[in-house]
Each structure stands twice: as structure tokens, then as C-alpha cells.
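Here the structure is laid out as C-alpha cells; the discussion comes afterwards.
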Amino acid sequence: MSGDERWIHTPPRWSATFDPHTIAEIHRAAATGIYDIRGFGAKRKLPHFDDLLFLGASISRYPLEGYREKCVTEVMLGTRFAKKPIKLKIPITIAGMSFGSLSAQAKEALGRGASQAGTSTTTGDGGMTEEERRHSQLLVYQVLPSRYGMDPDQLRKADAIEIVVGQGAKPGGGGMLLGQKISKRVAKMRTLPQGIDQRSACRHPDWTGPDDLEIKINELREITDWEKPIYVKVGAARPYYDTALAVKSGADVVVLDGMQGGTAATQDVFIEHCGIPTLAAIRPAVQALQELDMHRKVQLIVSGGIRNGADVAKALALGADAVSIGTAALIALGDNHPRHEAEYRKLGTTAGAYDDWHEGRDPAGITTQNPKLTARLDPVAAGKRLANYLSVLTLECQTIARANGKSHVHNLEPEDLVALTVEAAAMAQVPLAGTTWIPGRGPQD
Amino acid sequence: MPQKKRSPKPASGGRNSVLDLAELSLRQINQLLHDTDAGDFLIKNPRGAHSLACGLNAPLTVTIGGHVGYYCAGMNKLATVTIDGNAGTGVAENMMSGRVHVKGDASQSAGATACGGLLIIDGNASARCGISLRGLDIVVKGSVGHMSAFMAQAGNLVVLGDAGDALGDSIYEADLFVRGTVKSLGADCVEKRMRDKHKAALAKLLKASGLAGEVDIGEFKRYGSARRLYNFHIDNLGSY
Ligand SMILES: Cc1cc2nc3c(=O)[nH]c(=O)nc-3n(C[C@H](O)[C@H](O)[C@H](O)COP(=O)(O)O)c2cc1C
């Protein structure tokens, strides 16, 4: 090579607009003519809890002694109307994930782990399995638009009821479960032919709008003799209005699922482009509760991308009563573990990036109905891993709460937080670190 | 909000009782019906109340003397409920078994997602009758509105009058029998051959609804799933 030849071309440069993923997706779309369906939540970078920091104690705020001074983590849910509110030992619940999308073993493991940790787990599309009821001390029963498997006996057996209006991964979308996962048992529970690609409705069949919802909630209360807390779950779209309307409709608990929230099977374009980030959804929801004098009276559960105790503490500090986890719980059970790397490679992916939960070929035996694969998941061991993980989340959350001088995790407050970015400061309505500036607020606010 | 008072026991120990919504609250009446395992009840003055006689779980006989609001006899199991009037949205929604008889007209989503038993509507039913049906049999003596039997999975819908637009859209394995005209069929819903077993099923349903010998089975057409949308196929994109 003569001295000047290397200057003829600059080294290869990737386009920021047409990045390698975008180009690969165009090739994929051109080859197949159909959109990409996958599991997991939004994968793009979004303003999130990592963009917030706790201040900790200082001269004007004194901390609690770690391990010795009590930091309470208990949460009561359903105190507004239910005769039998439920008491969680920790402010973390397991989100609704259907039997069908998950194996029976995985559902059992979620129940076992949650029960050991003193918290609740939740059914999902397709109804309640006997295994999950038996192994879940506190089980929340979902009433979804599809009503697959909906049964009043199961409703009466549940500890709480959750009306699902939407999910963060796909606000406005219905469920889907592809034929590979419609095993005989799943088909029977859903009254569907085996092996079909099942579409679930995105709207409830017997109510539309907040006035109807109020009547629907009342019906569920009447059927269950006003015993059970009734939650309303919404995807984070218009959290201020949705929270206010859920309260007006008579909800005991509002579950707010941000766009990072996981899903078993949804179009990639839906996951990545609909809804708002969890971080942006909490303050408007809390504001609605406060304006109605319902904060802490109607409890707020936040989900969508909760991974560690700091995320839990931040969600609580912004005003949530508890959080809910889906993806992280599956990872704790063993999803995306490097021990399955050889098999992930065969599926064209790698441990940590596996998201084809809809295909039913999960080497970890979690998002599949294939008996050979499901047999790999030991519900007792997996349940223990989940309990361990929940315990870590709780300890981490308490560590932060004590450092901020709080004897109850619910005493965490926005005043304990600052933001690292202008976006996060605006969304979470806390000051940019080192300043008193909250974007969108005047000096007198 | 209804009061959470304890429900009084009916005077006659659960049999042949008259329950008056002008005197008792909805909560009291529903609680009483939930706490009783047999008996005949007449509910007076329903005045369009919502969620009346919902969640019943025993072989009771309940007659409602007037019009009811939403979700009457919702999630019914085992009980026989007769509504001597019109019914609002979602009558007998998600019913599991038993029998519900509306003597007047029914509003939207009658029998939505219901799994078993028999729902008889003497008058007309509005839109989405039998939406997401999962095994209930519905006999409508009048006509049904648009989007009836949307995504119906199992069970039968019999209509003596006409059906509105998009009948049986995205239907799975339910059978639809219509005597009159069908304004339009929904995606993947087609007319199907009326075999002997279908005629027998239809005759049984008509008999159960008190119509034996009154209507000619030969006048009905059967509709069901073409099963073209059961597995996602790119060529059917326009139908999804
Ligand atoms: C495998 C899987 C199945 C799910 N199934 C349901 C469901 O049946 N009903 C529902 O409301 N949400 C469902 N979700 C969403 C979760 O309830 C929850 O909103 C979400 O997982 C929370 O976000 P995270 O995954 O980031 O923790 C599912 C999520 C996953 C990962």
C-alpha cells in the first residue's frame, strides 16, 4: 500500500438513522412480508429510573441505622371498598402472565416464589390453573377482554380481581398466542381448537367507557359479595385521565404499566412505539389521585421495567404504593440464563437477547408448552430463586429508604430524588441534579 | 354505593319469597340469593337495577317482575332466572349453566362470553348478541343486531328473525342458525350445510325454548367458521 491510498476511503461508517438493526429489519420485512412478533418489552433506550438518583441523608436529614432501625415494607391493597383487603409483606407483586404464554411449571414457580416472599401473584389470559392457586398464598384473578377461561368459581377463589384494560407493551392491543403454544390443555381452558393462532379481543365484550366500567366493577363486587379488592390495570397512555376514571369507576387499586412492560407476544412496532415510559407515567397518575384525595386510599401499583431495589424505591418515592414485575421475575426463574447458550445459538440468538417467547421453544422451559422443555423447569428450585430475588429487591429498597431517613418505604418522596437528565427531570418532576430546576415549573410553583 | 348491611333471611326460610327492591337494597337481595341453596323467589320493583341476581350459584328459581339494567343474571350457575321485562347490556354474561329467560327485549352483548346453559330472549337482542360465546345456547325469537356472535368460540345462536351486519365475524367453532335475512356476514363466517345433526340440535333448542312445532326447521340457514383465519397467513391479511 502506498502511503496515500488509505485516504481514498474513510473507514466504514454506520448510519445513525439506518443502523444495523434497522437495515436487518428492512431485509427481514422484505423477505417475509409480515411484521415481527416477539416477547419481552421495549428494547430501545428510554428515559428510565436510571436517570434518577436518591440524595441520601445530610446535615439537614438524618439516616436510619442500617439493619437495626426498622424500615417497614408492608402494603395493604384494597382498603377502599373490599371487605377483605390484602396485605403484602413487601411492596413488590408478580404481574399477570398467562398460563399458555407460560408453562404450568413456571406459573407454579411464580406462585411458590411470591408466597415465600409474602406477596401476591396474578393469573392472566386463559384463566386460573389449579397448580397456581394451590401454590399462591395470594392470587389476583384477571378479567381480560378475551375472557378466555373466565369462571365465577375461580373468581370466588381469588384473593383479588384485576380488570385488564390495557398493558404497557401494547396499550390498545389484544393478546395473541401462536399455535405452537396452544397445547391440548391450553386449548381446553380457552375453549379453542388446538394449534390455531389465537387472537384475543382488545376491547371488553360487555362494556365500553368509564360509565360502563363502574357498572362492571359493581357487578364483580356483587358476585363476590364485596369481599375482594378490585384492581384496574391500564397501559401507560393517558395516566392522569385513566387513573381519575378508574377511581371514579370504583377501583380499589390502579395498576399502571409503562411502555417498557413485558409481553409474551406482540408486534415489535407496537412494543417500541406505543405508550409512554414508566418514568413519565407515575407523576400524572399520582397527581390524579392527590387531586381526588385518593392517594394511599386507592393504591397505585406501577410496573414496566422494574429490575432492582433502586427501581422499586424510585417508583415508591414518586408516589406508587407497590410495584409489579413480569420480565424480571421470569429472568429470576432462569430465563435468558447463559447455561442455555448453546441452545440459544441454535435459535439464532444469545443469552440475554432471547425474546422469541411466542414461539414456544424456550430452552429454559418457561415460555413454552412443549413437555420436553417444560420438564426442565423445577418449580421448587425456580420458586426459591424468585424468592431470593424478591428478598434482594426488598433489602435494596430498604437500604435506600433508611439512607434517606425513612422508617417506612412509603415515606420515600419526590423530595429525596434528583434527575440526571433534563428529560427525566421533566417527566419525574424532580430537579435536575445540582440545581433547583424542574422543567415546566415556574420559580413560584 | 350499596350499603354493606347483613342480609335478612327471607320470611319463608328461602322458599317462595317475595323480595322487594323498594324495601331491600340490591346488596341485600343478592347476598340473600347467594346464601340460599334452593327456593323460588319473586323480585319486585327491579326498576332497571344493574347486576340483579348475578353470581347465583345454586338451583334457585328467580322471577324478576319488571325491567332490569346491566348484567342481570351475570355469571349465572344452575339457577333459572326469568325477567318479566326488558334487560340491559350483558344479560347472562359469562353464564355457566342454568337458564335465563328474557320476556322482553335485550340490549347489547346478551350472553357475552357465556359457557353453558340456555338463554331465551322473546323479543329482539341488540348488537353483539353472543359475543365471544363459549358454549351457551341462545335462542332469540326476534332479531339480533350487528356484530352478533363476534369471535364466538362454541355454543349455538338461534335467531328466528333477522341478523344485522357482520354476523359471526372472526368466528371459531360456534354454530349460528338464522331464519330470516342476514344483512352481512363478518370475516371468515360462511353459510354451511345443515346436516341431520344440526337439524337435531336446532330442534332440541327450539323445543327447550317452548317453540316445538311452531317453526319450521327447514326455514333456517346455518352459518359458521370457514376456518381460514385460524392460522395467520399473509394472503388473508385483508381479513384480519
Ligand atoms: C410472558 C408474559 C405474559 C404476560 N401476560 C399478560 C397477561 O396475560 N395479562 C396482562 O395483563 N399482562 C400480561 N403481561 C404483562 C405483565 O402483566 C406486566 O404488565 C409486565 O410484564 C410488567 O413489566 P415488566 O415485564 O417490565 O416487569 C405479560 C407479560 C409477560 C412477560
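Before moving on, here are some points about what is shown:
- Identity of the residue in the range A:33-62, within 14 Å of chain B (Cβ to nearest Cβ) and open to solvent by less than 70 Å² (accessible area, probe 1.4 Å), that ends up farthest from the ligand (Cβ to nearest atom): A:Gly33
- Any hit, the range A:183-205, residues being touching an Asp or Glu at 6+ places or on another chain (Cβ under 6 Å) and not polar (S, T, N, Q): no
- Selection status of A:Gly348, surrounded by fewer than 23 Cβ atoms within 10 Å (Cβ to Cβ) and assigned to a loop (DSSP other than H, G, I, E, B): yes
- Cβ-Cβ under 6 Å pairs, at least 6 apart or on other chains, the range A:357-375 side under 11 Å from A:Ala264 (Cα atoms), far side within 11 Å of the ligand (Cβ to nearest atom) and open to solvent by 20 Å² or more (accessible area, probe 1.4 Å): A:Trp357/A:Ala264
- Selection status of A:Glu423, of a type in the set (Asp, Glu), in contact with a helix residue (DSSP H, G or I) (Cβ under 6 Å, 6 or more places away or on another chain) and in contact (Cβ under 8 Å) with a residue 60 or more places away in the chain: no
- The one condition in (1) more than 18 Å from A:Asp159 (Cα to Cα); (2) open to solvent by 10 Å² or more (accessible area, probe 1.4 Å) that A:Ala106 fails to fulfil: (2)
- Inter-residue pairs, beta-carbon under 6 Å, first at the interface with chain B (Cβ under 10 Å from one of its Cβ atoms) and in the range A:221-236, second among the small types (Gly, Ala, Ser) and surrounded by 24 or more Cβ atoms within 10 Å (Cβ to Cβ), 6+ apart: A:Glu222/B:Ser51; A:Ile223/B:Gly55
- Boolean, A:Pro11 is more than 14 Å from chain B (Cβ to nearest Cβ) and either under 30 Å from A:Asp268 (Cα atoms) or within 16 Å of the ligand (Cβ to nearest atom) (or both): no
- Test set (1) buried (at least 22 other Cβ atoms within 10 Å of the Cβ); (2) under 28 Å from A:Leu53 (Cα atoms); (3) not hydroxyl-bearing (Ser, Thr, Tyr) - A:Trp357 fails condition number: (2)
- Restricting attention to the range A:144-162 and to residues that are more than 10 Å from the ligand (Cβ to nearest atom) and part of a strand (DSSP E or B), the residue that is farthest from the other protein chains (Cβ to nearest Cβ) turns out to be A:Ala160.
- Count of the range A:30-70 residues which are over 17 Å from the mean Cα position of the chain (by Cα) and more than 17 Å from A:Asp311 (Cα to Cα): 22
- Hits in the range B:27-57 - residues which are in contact with a helix residue (DSSP H, G or I) (Cβ under 8 Å, 6 or more places away or on another chain) and open to solvent by less than 30 Å² (accessible area, probe 1.4 Å): B:Arg27, B:Asn30, B:Phe41, B:Ile43, B:Ala49, B:Ser51, B:Leu52, B:Ala53, B:Cys54, B:Gly55, B:Leu56
- Residues of the range A:10-32 that are open to solvent by less than 100 Å² (accessible area, probe 1.4 Å) and in a helix (DSSP H, G or I): A:Pro20, A:Thr22, A:Ile23, A:Ala24, A:Glu25, A:Ile26, A:Arg28, A:Ala29, A:Ala30, A:Ala31, A:Thr32.
- Taken together, A:Gly100, A:Gly113 contain a single residue that is of a type outside the set (S, T, N, Q), in contact with a strand residue (DSSP E or B) (Cβ under 6 Å, 6 or more places away or on another chain) and crowded, with 24+ Cβ neighbours inside 10 Å, which is A:Gly100.
- Every residue from the range A:77-130 that is of a type in the set (Asp, Glu) and without any contact (Cβ under 8 Å) to a residue 40 or more places away in the chain: A:Glu130
- Residue match in the range A:431-444 (condition: touching a residue at least 40 places away in the same chain (Cβ under 8 Å) and hydroxyl-bearing (Ser, Thr, Tyr)): no
- Boolean, B:Ala38 is in a loop (DSSP other than H, G, I, E, B) and away from chain A (no Cβ under 14 Å): yes
- Flag for A:Leu192 being at the interface with chain B (Cβ under 10 Å from one of its Cβ atoms), open to solvent by less than 30 Å² (accessible area, probe 1.4 Å) and assigned to a loop (DSSP other than H, G, I, E, B): yes
The values are calculated or read from the model by the stated rules, or taken from the named source; none is laboratory data. Owing to the predicted nature of the structure, the values given are computational and were not obtained by experimental measurement. Note that we place each Cβ from the backbone using ideal geometry, even for glycine, and neighbour counts take in every protein chain shown. Quick note on the areas: whole protein, heavy atoms, side chains included, nothing else; ligands and nucleic acids left out. Shrake-Rupley method; radii C 1.70, N 1.55, O 1.52, S 1.80 Å.
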